[in-house]
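Written out below as structure tokens is the structure these notes cover.
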Amino acid sequence: MACKTISFFFFCFLFISIDSISSQQLSDTETDCSKRWIHIRRLPSRFNLDLLTNCSEYPLFDNFCPYLANHGLGPKTHNKSQSWYRSNPLLLELIFHRRMLEYPCLTSDPNQANAIYLPYYAAIDSLRYLYGPAVNNSMEHGLELYDYLQDNEGWIWSRNHGADHFLVMSRPALDFSQSVDVNPPIWGTSFLELPEFYNLTVLIVEGRAWPWQEQAVPYLTSFHPPNLGLLESWIKRVKASKRTTLLLFAGGGGVGSSPNIRRSIRNECENSSLSDSSDVYVNNGGGHDYSKMRKVCDIVDCSNGVCEHDPIRYMRPMLRATFCLQPPGDTPTTRSTFDGIIAGCIPVFFEELSAKSQYGWHLPEEMYRDFAVFMPKEDIVFKGLRILDVLMGIPRDEVRRMRERVIELIPRVVYRKHGSSLDLRARKDAFDMAVEGALQRIHSRLKARDFDQ
């Protein structure tokens with residue numbers, strides 16, 4: 001009942017907030033809403049808030065009831081925390097919905113809108129197909145939503161065949177890409193394979209190699225500052241942190257006998273010794289000096305999800321590390337990439353699908369050489385390339401510049417807290433950049449369609 005109570009109060013808040021939206025809603029500061037108007041499509045609660053009441057009904061997945069607190073940010077890491085929460089990445093859809101209510105250019109008139117936001121919790125709804133009783137009907141995921149959009153003010157959808165609509169998905173595209181013709185069903189639902197949604201813009205935590213509908217946006221982390229002072233205080237701490245570990249891997253896997261990148265990382269880390277680090281530098285808050293590090297390589301074992309809701313377990317080691325290894329897991333991307341950036345830890349990627357070809361709105365592809373290291377996983381697993389040799393070969397001045405670029409990216413990958421101060425709202429965060437990107441993509445699609453006609 002506790003989780004249902006949380007859902008109920010959140011539901012009431014959302015309804016009051018949506019009802020209060022006027023056709024010319026603006027923020028407390030002057031805002032240019034030209035080509036930025038968004039209409040939030042009102043959907044029955046069965047498509048969003050009612051889904052939260054099922055938070056404990058999928059034991060094969062997880063019980064996410066405790067993480068509905070604070071409008072989906074989760075419980076605080078400790079009582080006095082103002083910015084850190086035990087956030088569940090699944091609840092990005094909920095948090096996005098809450099933040100959309102604060103968007104300064106909302107309109108209740110669909111005709112005025114440049115884009116239509118669908119507050120459908122697609123990933124949360126997918127749990128009944130992935131882990132629940134509807135597993136044999138996974139090709140139907142989304143059809144109920146489509147029928148509703150057709151049968152209720154259908155002109156809003158049909159005028160552009162959905163090309164001006166967007167929604168958020170908090171699980172990788174792999175989970176929504178099962179062919180509609182597969183029988184019996186295998187893993188995933190068919191939402192992204194339904195022709196009905198081909199024109200929809202989907203903001204998702206991981207896209208496919210050749211996406212049409214989707215654009216990747218950052219995973220939800222545990223850092224949600226409510227004001228500019230707390231954000232700047234954190235960035236100051238990151239800059240001053242002593243980097244006493246050369247490289248860090250925070251994750252699970254790699255313990256089996258089959259060759260893979262995570263196993264290679266574990267083997268190299270376990271076989272590294274302090275004697276390898278004679279020419280490595282340590283960051284003492286400002287400049288750099290050559291000195292032996294305390295650790296060449298550190299592993300934070302996050303097997304069985306032990307790190308997912310415990311940011312202290314991995315953020316402290318990340319603050320001490322110069323490089324954070326980000327190998328692919330079950331899918332190419334990981335939340336750890338963004339945890340590492342928030343800690344000022346230079347990411348090391350082993351697949352381009354892990355970030356470079358994913359998060360172009362938040363991590364511009366042309367900037368990757370300035371803030372990240374790339375090594376093909378095949379060279380490490382099968383050709384004997386040592387990660388340590390590559391990283392120790394990077395000049396210290398270049399490492400310093402890379403860390404500076406990483407720190408500059410922090411505001412772009414953080415989802416600030418709802419109701420944040422005006423000074424913080426003046427700086428674009430992950431939500432702002434996602435909405436801006438969606439508006440631009442929708443505008444381009446509509447313009448191209450009009451040109452073709």
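Using the structure shown, decide if residue 340 is surrounded by 24 or more Cβ atoms within 10 Å (Cβ to Cβ), farther than 25 Å from residue 174 by Cβ and in contact with a helix residue (DSSP H, G or I) (Cβ under 7 Å, 6 or more places away or on another chain). Quick ask: steps written out before the conclusion?
On the way: surrounded by 24 or more Cβ atoms within 10 Å (Cβ to Cβ): yes; farther than 25 Å from residue 174 by Cβ: no; in contact with a helix residue (DSSP H, G or I) (Cβ under 7 Å, 6 or more places away or on another chain): yes.
Against the criterion (surrounded by 24 or more Cβ atoms within 10 Å (Cβ to Cβ), farther than 25 Å from residue 174 by Cβ and in contact with a helix residue (DSSP H, G or I) (Cβ under 7 Å, 6 or more places away or on another chain)), residue 340 does not qualify.
In the stretch 165-183, what count of residues is obtained for those that are assigned to a loop (DSSP other than H, G, I, E, B) and touching a residue at least 40 places away in the same chain (Cβ under 8 Å)?
Start the filter on the stretch 165-183 by keeping residues that are assigned to a loop (DSSP other than H, G, I, E, B), which leaves 170-172, 177-183.
Then drop every residue that is not touching a residue at least 40 places away in the same chain (Cβ under 8 Å), which leaves 170-172, 178, 180, 182.
Here the count works out to 6.
List every residue pair whose Cβ atoms lie under 6 Å apart, where the two residues are 6 or more positions apart in sequence or sit on different chains, the first residue falls within the stretch 100-119 and is of a type in the set (D, E, K, R), and the second residue, located anywhere, is at pLDDT below 95 and part of a loop (DSSP other than H, G, I, E, B).
Between residues of the stretch 100-119 that are of a type in the set (D, E, K, R) and residues that are at pLDDT below 95 and part of a loop (DSSP other than H, G, I, E, B), the close pairs are 109/23.
Any idea which residue in the stretch 260-284 is modelled with the lowest pLDDT, counting only those that are part of a loop (DSSP other than H, G, I, E, B) and under 12 Å from residue 244 (Cβ atoms)?
For the stretch 260-284, the residue satisfying everything is 284.
Output the qualifying pairs, or none if there are none: Cβ atoms under 9 angstrom, residues six or more apart or on different chains, first residue in the stretch 284-301 and within 21 Å of residue 264 (Cβ to Cβ), second residue of a type in the set (Phe, Trp, Tyr) and modelled with pLDDT of 90 or more.
297/249; 298/249; 299/249; 300/249; 300/314
Are any of the residues in the stretch 315-331 more than 18 Å from the chain's Cα centre (by Cα) and either closer than 19 Å to residue 174 by Cβ or open to solvent by 40 Å² or more (accessible area, probe 1.4 Å) (or both)?
Scanning the stretch 315-331 turns up at least one residue that is more than 18 Å from the chain's Cα centre (by Cα) and either closer than 19 Å to residue 174 by Cβ or open to solvent by 40 Å² or more (accessible area, probe 1.4 Å) (or both).
Restricting attention to the stretch 66-99, and to residues there that are in contact (Cβ under 8 Å) with a residue 12 or more places away in the chain and polar (S, T, N, Q), which single residue is most open to solvent (accessible area, probe 1.4 Å)?
Looking at residues that are in contact (Cβ under 8 Å) with a residue 12 or more places away in the chain and polar (S, T, N, Q), I get 82.
Output the residues belonging to the stretch 228-245 that are open to solvent by less than 10 Å² (accessible area, probe 1.4 Å) and among the aliphatic types (A, V, I, L, M).
Hits for the stretch 228-245 are 231, 238.
Which condition number does residue 438 fail, the rest of (1) surrounded by 15 or more Cβ atoms within 10 Å (Cβ to Cβ); (2) modelled with pLDDT of 95 or more; (3) under 30 Å from residue 267 (Cα atoms) being met?
(3)
Which of the residues spanning the stretch 347-385 are within 19 Å of the chain's Cα centre (by Cα) and of a type in the set (Lys, Arg)?
Listed by number, the list holds a single entry, 356.
Failed condition for residue 140, given (1) in contact with a strand residue (DSSP E or B) (Cβ under 9 Å, 6 or more places away or on another chain); (2) at pLDDT below 95, with all others met?
(1)
With the stretch 333-438 as the region, which helices (runs of 4 or more DSSP H) entirely inside it contain at least 2 residues that are closer than 26 Å to residue 99 by Cβ?
Ranges flagged: 336-342, 396-413, 422-425.
Tell me which of these residue 358 doesn't satisfy, since it passes every other one: (1) touching a strand residue (DSSP E or B) at 6+ places or on another chain (Cβ under 9 Å); (2) of a type outside the set (Gly, Ala, Ser); (3) open to solvent by 30 Å² or more (accessible area, probe 1.4 Å).
Of (1) touching a strand residue (DSSP E or B) at 6+ places or on another chain (Cβ under 9 Å); (2) of a type outside the set (Gly, Ala, Ser); (3) open to solvent by 30 Å² or more (accessible area, probe 1.4 Å), only one is false for residue 358: (3).
Whether any residue in the stretch 157-164 is closer than 18 Å to residue 359 by Cα, open to solvent by 10 Å² or more (accessible area, probe 1.4 Å), in contact with a Leu (Cβ under 7 Å, 6 or more places away or on another chain) and in contact (Cβ under 8 Å) with a residue 40 or more places away in the chain is what I want to check. Show your work before the answer.
Narrowing the stretch 157-164 to residues closer than 18 Å to residue 359 by Cα: none.
No, the conditions are met nowhere in the stretch 157-164.
The values are calculated or read from the model by the stated rules, or taken from the named source; none is laboratory data. What you are looking at is a predicted structure, and each value in this text was computed from that prediction instead of being measured. When we count neighbours, we look across all protein chains shown, and the Cβ atoms used for this are built from the backbone with ideal geometry, even at glycine. Just so you know, the surface numbers come from the protein's heavy atoms only, side chains and all, with ligands and any DNA or RNA stripped out. Shrake-Rupley method; radii C 1.70, N 1.55, O 1.52, S 1.80 Å.
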